[in-house]
Each structure stands twice: as C-alpha cells, then as structure tokens.
C-alpha cells in the first residue's frame, strides 16, 4: 500500500504471502491515480517516497530520481533510528485500519479477486472517514 502524508490510501496491490516487498515499489508508484487540485494537469507523482529498509536499492533510488521523486528510504546495514519512524507511522496506521475489518485480517477467500474487492472496500471506508473528518 502507498498512502499520502495523512494516511489516505493512494494505491494498494494484492500479492502472494511470500513476495518480496521491493518488487512492489514500481507497480505501486505507477498505480497512483491523478490527483485533482490546482488548475492545470493533475499530479500523478508525489514529491517524495518514504520507505523502510526493504525498499532500499540503487536501481530503485535511481528510478525514483529519474521520475522527479525524492527517495527517502532507510539504508540497509545501518543502525536503527534513522528518524523515518516519526513520519512512516502514517502508513502503519492505515494498514492497522484495514486489519480492523475482519475479512482483511485473515484471508478466507480462495479467489484473489474477491479478496482484492474487500481490500478496495476497506480503502473506500478509510477515504470516507477522511472525508467525514475522522482520523
């Protein structure tokens, strides 16, 4: 899942249980829909992307910079306490809200399409809470 700075989900992908997280960085960034705001062409890319050590790799950093996105990724083989936890908790909170829905906490469905539909419904509930002034 990728979310904005307030925790509203921008894109979510369903993968198998043992898929490495770093393989999902490009599809998630590319899946961000256009966001309307000021006049002109809608924005499709964030200013920066934050992530933990799982997303740290030179090719991905280079790719993000090529797109004009600043990579704020914790580096591997360094001590903990990089300071990203002060802002990265927003994504963890969004994931926690999704796990409050019983159908998403444990996957009961055999078909991935059904589980993906429940994931989309969960993201809709989170966005609805944002619009209602929750969070």
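No lab work stands behind these numbers, since they all come straight from the coordinates. Predicted, not measured: the structure shown is a model, and the values here were computed from it. Positions of Cβ are backbone-derived with ideal geometry, glycine not excepted, and every protein chain shown enters the neighbour counts.
Distance between the pseudo-spin-label points of residue 128 and residue 32 (7 Å out from Cα toward the beta carbon): 2.7 nm. Per residue, the average separation of C-alpha pairs within less than 8 Å and at least 6 apart gives the chain a relative contact order of 25 percent. Extending 7 Å from Cα along the Cβ direction at residue 88 and again at residue 111 yields two label points whose distance is 3.7 nm.
Determine the shape class of the range 32-120: with a ≥ b ≥ c the square roots of the Cα gyration tensor eigenvalues, call it rounded for a/c under 1.5, and otherwise prolate if a/b is greater than b/c, oblate otherwise. Because a/c hits 1.5 or more and a/b fails to exceed b/c, the range 32-120 counts as oblate.
Starting from the Cα gyration tensor of the range 16-57, take the square roots of the eigenvalues, sort them a ≥ b ≥ c, and report rounded, prolate or oblate (rounded when a/c is under 1.5, otherwise prolate if a/b is larger than b/c, else oblate). Prolate.
Largest GNM mean-square fluctuation across 16, 117, 31, computed for the chain with C-alpha springs under 10 Å, falls on 16.
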